[in-house]
Amino acid sequence: MTPGLAFFVADGGDPQNWDDIVAAVLAALSAEFTVAPERTVAGAVSVPAARVIWLDTFDWRLHKAGLTLEYVPGRGGSELRLSGPSGLEAAQQVTGWRPARPHLLADLAGGAVGVRIASLIAMRALIPVVATSTATGVYRLLNEDDKTVAKLLVDRPALDGARKDPLPPRLAIADVRGYAGPARRAARLLAAVPGVVQGARPPLADALRVIGRRPGDYSNKVDADITAGMPAAGAGAAILLRLLDTIDANTEGVLADIDTEFLHDLRVSVRRTRSALKLFGDALTGLTREELAFFAAEFKWVGDLTTPTRDLDVHLLDFEDTVRGLAAAKPDDLEAFRTFLEQRRRREFRALARGLRSPRYAGLIQEWRAKLTKIQQDTVPAGGTRTRAGYHQQVADGTAGLLATVCTRTAFAKVAKRGAAITPDSPAEALHDLRKRCKELRYALEFFAPLYDPAASAKVVGDLKRLQDCLGEFQDTEVQIGEIRTLAAAMLAAHEAPAVTLLAMGEVTAGLAARQQAARADFERRFAAFADVAGQRRMSTLLRGGTA
Amino acid sequence: MLIYATYNIKGGVGKTTAAVNLAYLAAGAGLRTVLWDLDPQGAASFMFRVKPKVKGGGRALISGKRPLDDAIKGTDFDNLDLVPADFTYRNMDLLLDDGKHDVKQSALPGGKPARKLSKLLAPLADDYDAVFLDCPPSVSLVSENVLHAADVVVVPLIPTTLSVRTLDQLSDFVGEFKGHRPDIFAFFSMVDRRKKLHRGITEKLAAERDNVAQTVIPALSVIESMSVWRSPVGVIAPGSAAARAYRALWVELRDREEPRG
């Protein structure tokens, strides 16, 4: 909307009322001013409709940071406009952009918007969220000398695309220099019209509502709607359905290869599903032992299917950092390695896409959803009562609260026991196994997070996360060293390995080995911080308080 | 920022219509433009439908008590603002020569009181590309201020033999200025092409002098009707001969002064 003194929305609910509201506004202003529609050169009252396409990452990183990014196409050049709570923060001209396609940070090439959002969006692509087309009508408000003393701007946005649903009109009173008084009076008259709401609400939220979405409607968090008093099977099914939704939501993005994080989120949800089946599969009444084993095996298949592409993604995502970390080799020395990685990645991605498009995958997702939905439907509500404090009191076995306690306690006990058994002489496999147990515990804490006290949970999760980071660094560096060795052998076999590249790859593996040793040296401290006497006490407190 | 002043000692020669139309065309060309109606009669303010009133009057503006910026009003046209006239401008000579200066110096042409308008206009340089000063007809401290402030003095001449004398007098006066001297750019106004005298004078002077416009503004009723419609001719009758003539004059003036901008 054009800058003005005051902004309003004709928010009369029903679209049929909007014209009446605008008419009432014109009538109200006519009481004090002569209201004259401004005619453009072409003789039309409205200026040509302006298109705006809102862009964000799939996981709403800009929205979460309080920012909105608009793509405004123009004949002379299109523009990206980044706005925050206090207005326009950055603008950038772009050429050759096709907003319907995803764009990575590289496409913003150092412009003002690119610089501002670089750390926020990182490796995620900007994709179109919704598009609107807005026709603006301008009315001059004249005084007794027929002098324009203020203007009324009426924006009529509508969805742009296959659907053309109208959105609530936006109204603004724009002041004319030296005539603040009449503009204030016009704003007061406007505000008094029934159905008119004061505020500069951009049409984004309205446009999303029309298409059945809301800002921030995707997150890979496991925020299932569970309570301590609900039946364990129902809670378990709710958690698994939430994970399945995330898998489903990301599949299309993986297949379109929009950015690497679709696959990452899909993999995390698959891993969480497998852990959930291990942690509380038995509680899913209605699922036979054979069915449980079948689904566990099928999700392992999906996990394995995605691993090669993800491993190569990780190499490529880290590539620039790796190049920067070289001491003896030159950055160009690794170019042949990058090319090889990219080729490999294309090949592995084709295999992944075949798997995700296969009847086996479609059947798995369909059957799994049907099973979980049935479990939810068949679940008889447990006898939960709500206390004054708002917590559900479990009164019978088989509640989600009990399930959470058992799962989390068991997972913690495994971590504590296996971690305590690790000595400086333990093999790497012992640490790898501990990492898996830590993941299970972390997932248990995430699945049942709604049942725990947030403050107590945050401390436990924080210490666990630092331990996981240490174990992750230890294992990932080892895996990467192994992969680089395998890739070097493959490059040699394919006669695509210049000597300088192999030397540089050797330097990279040396760097990884140093990082692995540092992570190993840090392990005892990290483990103690999480699972010493104080850590065990924190866990007990969490389990007592959170699910009581 | 270029400062244009429409000036002539004589009244009724088309100063205000020139200021209004040229400012309108400058704004239409995308220049951020402000017109200061210095004539207490307020004809330019009237034509833009702005009340001829400045809070605190001319005294507040000239003394600097009220920044010029505060007095600016938006017109009905994009990029075009106006500092309205005020009836107290009739005393502007007194206001400009308020005695807070060296008496000896003020007596000299181009002394401090003669440069007050320049100082008042200086802060507008960031906000405007073009300033038009519409002056009252006189030889006074006001006109001297205007001549010192202006980069270009746009002089409407009526086609009489005396007009040549007027132009020479003005050129001689400006020629005595020390330092900054405005460019003098004259044009013939209220020309009746049917009159032999008019044709003879306008053609002769335009050919002889490089500071006389090739464009002449004809005597047409549509220009007189500006005060009825309270709008520039480009709005009342955009396809008229008068509108075409002012457009041609603006182009000539712009092309002549572009190197200064």
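The values are calculated or read from the model by the stated rules, or taken from the named source; none is laboratory data. All values derive from a computational prediction rather than experimental measurement. In this analysis, Cβ positions are derived from the backbone assuming ideal geometry, glycine residues included, and neighbour counts consider all displayed protein chains.
Quickly run through region A:485-501 and pick out the residues that are in contact with a helix residue (DSSP H, G or I) (Cβ under 9 Å, 6 or more places away or on another chain), not in a helix (DSSP H, G or I) and not small (Gly, Ala, Ser).
Applying the first criterion (in contact with a helix residue (DSSP H, G or I) (Cβ under 9 Å, 6 or more places away or on another chain)) to region A:485-501 yields A:485, A:487-488, A:490-492, A:494, A:496-498, A:500-501.
Of the ones still in play, those that are also not in a helix (DSSP H, G or I) are A:494, A:496-498.
Once the filter is applied, which keeps residues that are in contact with a helix residue (DSSP H, G or I) (Cβ under 9 Å, 6 or more places away or on another chain), not in a helix (DSSP H, G or I) and not small (Gly, Ala, Ser), region A:485-501 yields A:GLU496, A:PRO498.
Could you please find all residues in region B:45-58 being in contact (Cβ under 8 Å) with a residue 24 or more places away in the chain, more than 10 Å from chain A (Cβ to nearest Cβ) and surrounded by fewer than 21 Cβ atoms within 10 Å (Cβ to Cβ)?
Filtering region B:45-58 down to residues in contact (Cβ under 8 Å) with a residue 24 or more places away in the chain leaves B:45-54, B:57-58.
Checking which are more than 10 Å from chain A (Cβ to nearest Cβ) leaves us with B:45, B:47, B:52-54, B:57-58.
Result: B:PRO52, B:LYS53, B:GLY57.
Here is a list: A:THR246, A:THR322, A:THR273, A:THR309. Which entry is closer than 21 Å to A:GLU473 by Cα and under 23 Å from the mean Cα position of the chain (by Cα)?
A:THR309
Using the structure shown, decide if A:ASP321 is surrounded by fewer than 17 Cβ atoms within 10 Å (Cβ to Cβ) and either within 30 Å of A:VAL508 (Cα to Cα) or in contact with a Ser or Thr (Cβ under 9 Å, 6 or more places away or on another chain) (or both). Working first, answer last.
Details: surrounded by fewer than 17 Cβ atoms within 10 Å (Cβ to Cβ): yes; either within 30 Å of A:VAL508 (Cα to Cα) or in contact with a Ser or Thr (Cβ under 9 Å, 6 or more places away or on another chain) (or both): yes.
Yes.
Mind listing whichever residues of region A:184-230 are outside any loop (DSSP other than H, G, I, E, B), out of contact with any Leu (no Cβ under 9 Å at 6 or more places or on another chain) and surrounded by 20 or more Cβ atoms within 10 Å (Cβ to Cβ)?
Within region A:184-230, just A:LEU204 meets the criteria.
Going by the conditions given, is A:ARG156 within 30 Å of the chain's Cα centre (by Cα) and either outside the structural domain of A:ARG272 (by TED's automatic domain parsing) or surrounded by fewer than 18 Cβ atoms within 10 Å (Cβ to Cβ) (or both)?
Taking the combined requirement at face value, the residue does not satisfy it.
Which numbered condition in (1) assigned to a helix (DSSP H, G or I); (2) over 30 Å from A:THR307 (Cβ atoms); (3) in contact with a Lys or Arg (Cβ under 8 Å, 6 or more places away or on another chain) is the only one that A:LEU241 fails?
Single failed check for A:LEU241: (2).
If you scan region B:59-89, which residues turn out to be part of a helix (DSSP H, G or I) and either within 13 Å of chain A (Cβ to nearest Cβ) or touching a residue at least 40 places away in the same chain (Cβ under 8 Å) (or both)? Talk me through it step by step, then tell me what you get.
Keep residues of region B:59-89 that are part of a helix (DSSP H, G or I), which gives B:59-63, B:68-71, B:87-89.
Within region B:59-89, B:LEU61, B:ILE62, B:LEU68, B:ASP69, B:ASP70, B:ALA71, B:PHE87, B:THR88, B:TYR89 meet the criteria.
Can you pull out every residue in region A:181-199 that is within 13 Å of A:ALA31 (Cα to Cα) and either more than 43 Å from the chain's Cα centre (by Cα) or within 14 Å of chain B (Cβ to nearest Cβ) (or both)?
Scanning region A:181-199 gives A:PRO182, A:ARG185.
Report the residue count in region A:125-140 for those that are closer than 16 Å to A:ASN250 by Cα and of a type in the set (Phe, Trp, Tyr).
Of the residues in region A:125-140, 0 are closer than 16 Å to A:ASN250 by Cα and of a type in the set (Phe, Trp, Tyr).
Could you tell me whether B:ASP69 is within 23 Å of A:GLY181 (Cα to Cα), surrounded by fewer than 24 Cβ atoms within 10 Å (Cβ to Cβ) and acidic (Asp, Glu)?
yes
If the requirement is being part of a loop (DSSP other than H, G, I, E, B), within 14 Å of another protein chain (Cβ to nearest Cβ) and of a type outside the set (Lys, Arg), which of these qualifies: A:GLY161, A:GLY110, A:GLY178?
Residue meeting the stated conditions: A:GLY178.
The rows are residues; the columns are (1) more than 23 Å from A:THR486 (Cβ to Cβ); (2) hydrophobic (A, V, I, L, M, F, W, C); (3) modelled with pLDDT under 95.
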{"residue": "A:THR339", "(1), (2), (3)": "no, no, yes"}
{"residue": "A:LYS371", "(1), (2), (3)": "yes, no, no"}
{"residue": "A:ILE375", "(1), (2), (3)": "yes, yes, yes"}
{"residue": "A:ALA382", "(1), (2), (3)": "yes, yes, yes"}
{"residue": "A:THR385", "(1), (2), (3)": "yes, no, yes"}
{"residue": "A:ARG388", "(1), (2), (3)": "yes, no, yes"}
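Quick one: is B:GLU224 touching a helix residue (DSSP H, G or I) at 6+ places or on another chain (Cβ under 9 Å) and of a type in the set (Asp, Glu)?
When the stated conditions are applied, B:GLU224 passes them.
Do you know which residues across region B:204-237 are basic (Lys, Arg) and closer than 22 Å to B:ARG194 by Cα?
B:LYS204
Could you list, in sequence order, all residues of region A:131-158 that are among the basic types (Lys, Arg) and within 12 Å of another protein chain (Cβ to nearest Cβ)?
A:ARG140, A:LYS147, A:LYS151
Would you check if A:LEU241 is more than 14 Å from the chain's Cα centre (by Cα), outside the structural domain of A:ALA122 (by TED's automatic domain parsing), within 30 Å of A:ASP107 (Cβ to Cβ) and of a type outside the set (D, E, K, R)?
no
For every residue, the table says whether it meets (1) surrounded by fewer than 16 Cβ atoms within 10 Å (Cβ to Cβ); (2) within 14 Å of another protein chain (Cβ to nearest Cβ); (3) without any contact (Cβ under 8 Å) to a residue 40 or more places away in the chain; (4) assigned to a helix (DSSP H, G or I).
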site	(1), (2), (3), (4)
B:ALA213	no, no, no, no
B:SER227	yes, yes, no, yes
B:SER231	no, yes, no, no
B:GLY234	no, yes, no, yes
B:PRO238	yes, yes, yes, no
B:TYR246	no, no, no, yes
B:LEU249	no, no, no, yes
B:ASP255	yes, no, yes, yes
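Looking at the structure I just gave you, is A:VAL210 of a type in the set (Val, Ile, Thr) and farther than 30 Å from A:VAL314 by Cα?
Taking the combined requirement at face value, the residue satisfies it.
Could you please tell me which pairs satisfy a Cβ distance under 7 Å, a separation of 6+ or placement on different chains, a first residue in region A:481-504 that is farther than 24 Å from A:GLN516 by Cβ, and a second residue that is among the aromatic types (Phe, Trp, Tyr)?
The qualifying pairs are A:GLU496/A:PHE340.
When B:VAL20 is evaluated against the numbered criteria (1) more than 19 Å from B:PRO232 (Cα to Cα); (2) among the aliphatic types (A, V, I, L, M); (3) touching a strand residue (DSSP E or B) at 6+ places or on another chain (Cβ under 9 Å), which criterion, by number, is the only one it fails?
(1)
For A:ARG345, all conditions in the list (1) more than 25 Å from A:ALA499 (Cα to Cα); (2) surrounded by 14 or more Cβ atoms within 10 Å (Cβ to Cβ) hold save one; what is the number of the exception?
Of the numbered conditions (1) more than 25 Å from A:ALA499 (Cα to Cα); (2) surrounded by 14 or more Cβ atoms within 10 Å (Cβ to Cβ), the odd one out for A:ARG345 is (1).
Which pairs turn up if I take residues in region A:278-303 that are in the same structural domain as A:ARG442 (by TED's automatic domain parsing) and look for partners that are surrounded by fewer than 18 Cβ atoms within 10 Å (Cβ to Cβ) with beta carbon separation below 6 Å, at least 6 apart in sequence or on another chain?
Between residues of region A:278-303 that are in the same structural domain as A:ARG442 (by TED's automatic domain parsing) and residues that are surrounded by fewer than 18 Cβ atoms within 10 Å (Cβ to Cβ), the close pairs are A:GLY281/A:LEU292; A:GLY286/A:ASP378.
Using the structure shown, decide if A:VAL176 is in the same structural domain as A:THR134 (by TED's automatic domain parsing), more than 26 Å from A:GLY303 (Cα to Cα), of a type outside the set (S, T, N, Q) and surrounded by 18 or more Cβ atoms within 10 Å (Cβ to Cβ).
Working: in the same structural domain as A:THR134 (by TED's automatic domain parsing): yes; more than 26 Å from A:GLY303 (Cα to Cα): yes; of a type outside the set (S, T, N, Q): yes; surrounded by 18 or more Cβ atoms within 10 Å (Cβ to Cβ): yes.
The answer is yes for A:VAL176.
When you go through A:ARG515, A:ARG538, A:ARG526, A:ARG466 one by one, which is the residue that is surrounded by 19 or more Cβ atoms within 10 Å (Cβ to Cβ), assigned by TED's automatic domain parsing to the domain that holds A:ARG435, among the charged types (D, E, K, R) and in contact (Cβ under 8 Å) with a residue 12 or more places away in the chain? Steps first, answer last, please.
Details: A:ARG515 fails: surrounded by 19 or more Cβ atoms within 10 Å (Cβ to Cβ); A:ARG538 fails: surrounded by 19 or more Cβ atoms within 10 Å (Cβ to Cβ); A:ARG466 fails: surrounded by 19 or more Cβ atoms within 10 Å (Cβ to Cβ).
Checking each option against the conditions leaves just A:ARG526.
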